[in-house]
1. In nm, give the distance between the simple-model label positions of Gln2 and Glu163, each being 7 Å from the Cα along the Cα-to-Cβ direction.
2. Taking 0.36 nm per residue of sequence separation and subtracting the Cα-Cα distance, how much length would be gained by fully extending the chain between Arg192 and Ser227, in nm to one decimal?
3. Between Arg171 and Glu36, what length in nm is gained on full extension when 0.36 nm per residue of separation is reduced by their alpha carbon distance?
4. Once the whole set of protein chains is in place, how much accessible area is left on Glu93, using a 1.4 Å probe, in Å² to the nearest 10?
5. Taking K and R as +1 and D and E as -1, what net charge do the other residues with C-beta under 9 Å from the C-beta of Leu173 add up to?
6. Where both partners of a DSSP beta bridge lie in the range 1-115, what percent of those bridges are antiparallel, to the nearest 5?
7. Select one label from [x] 19.4; [y] 17.1; [z] 17.6: the one whose number is Kirkwood radius over Cα pairs in Å as derived from the coordinates shown.
8. Could you give the Stokes-Einstein D for the range 1-80 in µm² per second, using the C-alpha Kirkwood radius, 10 °C, 1.306 mPa s?
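The values are calculated or read from the model by the stated rules, or taken from the named source; none is laboratory data. Please read these numbers as outputs of a predicted model, since none were measured by experiment. Neighbour counts run over all protein chains shown; Cβ positions are idealised from the backbone, glycine included. These area figures cover heavy atoms from the full protein model, side chains too; ligands, DNA and RNA do not enter into them. Shrake-Rupley method; radii C 1.70, N 1.55, O 1.52, S 1.80 Å.
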Amino acid sequence: MQPWELLATAQAPQGDTLRLLRRGHEYSIRLQGGNELMSSRLSGSEEALATLALEALGGRAAPRVLIGGLGMGFTLRAAQEVAAKDAHLIVSEIVPELVGWATEHMGAVFGDCLDDPRVEIRTGDVAAEIRGAEAGSYDAILLDVDNGPDGLTRAGNDSLYGERGLQHARRALSKGGVLAVWSAAQDQGFTRRLGQNGFAAKAHMVRAGRTKRGAKHTIWIAQKTGS
């Protein structure tokens, strides 16, 4: 079997080392200890994060969509395929090197998607982006950060998935706006938490890849209720 080639490393904000590896046409981003965070082989659930969210949003004119986490760009590219021509797609990525990797090392994966005039890349913490947003700034917020509500690498992810984080997200959303959350695992407690914080939420089980076999991930589609 062809060995993995290390292409680049980067430091996450809390000191974890991220490693970008390639084997043939396959790419993988892993923690230093070997835990895989994302793979170019498995894109189905990340794509579903965008398609389910924008479907729930409906044909809203000029939607403003905030995507938390660039990763390998699967969610962004899926959003580009279904979003209106006048949409504004803002991607918040906390690790600056990942933005560079998109063009320097993973051009075969990203193509020219970052050249889309609808796309804006912001380097920083998406939780801070949401906290600092004016009320009603976004029509949809898509979060693919760490492994979801039970995140592995950042203790600070409670600022996204805890009660306070959900209240910040609700405030940042427009009336009827959509909060979509990707997770590697199910979490009924998170579904309840969404309902307790002003969202009508449904958990969808979707395949990690594009086939009918293999692992499933969870996508929450939570629509803001009230004004």
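1. With each label placed 7 Å out from Cα toward Cβ, I get 5.2 nm.
2. Working: separation 35, 0.36 × 35 = 12.60 nm, distance 2.02 nm.
Contour length minus the Cα-Cα distance gives 10.6 nm.
3. On the way: separation 135, 0.36 × 135 = 48.60 nm, distance 3.32 nm.
Between Arg171 and Glu36, full extension yields 45.3 nm more.
4. 10
5. Details: positive: Arg170, Arg171, Lys175, Lys224; negative: Asp139.
Charge balance near Leu173 sits at +3.
6. Working: 15 of 20 bridges.
Just about 75 percent of them are antiparallel.
7. [z]
8. Details: Rh = 14.4 Å.
In µm²/s, the coefficient is 110.
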